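Following: one structure in structure tokens, then a few remarks.
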Amino acid sequence: MKIAIPELNNPVFKEVLKSFPDLTPISASSPTVAAQMVASGQADTLISGLDYPSRDVLIACKDNIPLNSPFFSSCFICQKDNQIIALADGGVNKLPNLEQYYTIVEDTANTFVKYTGEQPKIALLSYSTHGSGGKNPDLDRIYAAKDKITTNHPDWLIDGEIQLDAAINPNVAAKKVPNSPLKGNANILIVPDLNSGNILYKSLEQYSGFTCAGPIIQGFIKPLADLSRGSTPADITLTIKVISKLLERS
């Protein structure tokens, strides 16, 4: 696997890459050059963001690499021991409309399947569970996306709108939503907006002991990664493993 890395001289990257002797890192002078390498086939993917703001990385990808989805989005692969959760979108779309939201759900589930080989169990997160919060136009987007996913991917389990505790805690689910197909075992968490996604992923990382890969940028012809500037060696290591698996199964 050939990875274009603008921050190749960063000491953290240098240390992490020692664990990947079969990987071919390629130096790039900027995220734009790295994206051009991916577009031309010189590199299989790019990983950046450790020393660059997300805006620079995302614009470089958008301006140089073709899409294979209607929109691009991001997801975090959050892992602790044997537990793996995909979380989206915490890095790209601020207030996704219905089309963007549906694409986020679909692409994140596909990313999860390629990485884990497991059945998607998708929770469309909200402040409300099955109407408990009353009517809100924002919930219509969730209902519409859920119906479309159910039609297009009948083998995926999906529920929403649903609160986080009911989505991931079987005891709470048994009380709040006993008929939910998730049964409190969601492995994909879809948030309503960028605010909640970014806060939730950093909460998982900072308070719950999860290592978070990415964000993985999905929707382009190749899986890409835009690291947080606070990414740890463990985060970068997991990111490389995720990207490698996604490329292998693409």
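The values are calculated or read from the model by the stated rules, or taken from the named source; none is laboratory data. These figures come from a predicted structure and were not determined experimentally. All Cβ positions, even for glycine, are placed from backbone atoms using ideal geometry, and neighbour counts span all protein chains on display.
Summary table
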quantity: Conditions (1) more than 15 Å from Phe220 (Cα to Cα); (2) out of contact with any strand residue (DSSP E or B) (no Cβ under 9 Å at 6 or more places or on another chain): number failed by Glu118; calculated: (2)
quantity: Any pair with Cβ under 8 angstrom, 6 or more apart, that starts in the range 167-182 at a residue that is closer than 17 Å to Gln119 by Cα and free of Cβ contacts under 8 Å to residues at least 12 places away in the same chain and ends at one that is of a type in the set (Asp, Glu) and not in a helix (DSSP H, G or I); calculated: none
quantity: Among the candidates Lys148, Lys114, Lys183, residue that is more than 30 Å from Leu247 (Cα to Cα), surrounded by 14 or more Cβ atoms within 10 Å (Cβ to Cβ) and either under 21 Å from the mean Cα position of the chain (by Cα) or not assigned by TED's automatic domain parsing to the domain that holds Leu246 (or both); calculated: Lys183
quantity: Any strands (runs of 3 or more DSSP E) falling wholly within the range 1-101 and containing at least 2 residues that are assigned by TED's automatic domain parsing to the domain that holds Leu224 and touching a helix residue (DSSP H, G or I) at 6+ places or on another chain (Cβ under 6 Å); calculated: 45-48
quantity: Hits in the range 146-193 - residues which are assigned to a loop (DSSP other than H, G, I, E, B), under 17 Å from Glu106 (Cβ atoms) and of a type in the set (A, V, I, L, M, F, W, C); calculated: Trp156, Ala186, Val191
quantity: Single match in Ala28, Ala4 (criterion: closer than 19 Å to Lys245 by Cα, surrounded by 15 or more Cβ atoms within 10 Å (Cβ to Cβ) and more than 15 Å from the chain's Cα centre (by Cα)); calculated: Ala4
quantity: Checklist (1) within 30 Å of Gln36 (Cα to Cα); (2) surrounded by 21 or more Cβ atoms within 10 Å (Cβ to Cβ); (3) in contact (Cβ under 8 Å) with a residue 60 or more places away in the chain applied to Asp235, failing item; calculated: (3)
quantity: Which numbered condition Glu205 fails, given (1) part of a loop (DSSP other than H, G, I, E, B); (2) modelled with pLDDT under 95; (3) under 23 Å from Pro96 (Cβ atoms); calculated: (1)
quantity: Test: residue in the range 208-227 that is surrounded by 15 or more Cβ atoms within 10 Å (Cβ to Cβ), assigned by TED's automatic domain parsing to the domain that holds Ser126, in a helix (DSSP H, G or I) and under 14 Å from the mean Cα position of the chain (by Cα); calculated: no
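Let's see how each residue does on (1) in contact (Cβ under 8 Å) with a residue 12 or more places away in the chain; (2) of a type in the set (A, V, I, L, M):
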position: Cys61; (1), (2): yes, no
position: Phe71; (1), (2): yes, no
position: Leu87; (1), (2): yes, yes
position: Leu98; (1), (2): yes, yes
position: Glu106; (1), (2): yes, no
position: Phe112; (1), (2): yes, no
position: Asp138; (1), (2): yes, no
position: Ala144; (1), (2): yes, yes
position: Asp165; (1), (2): no, no
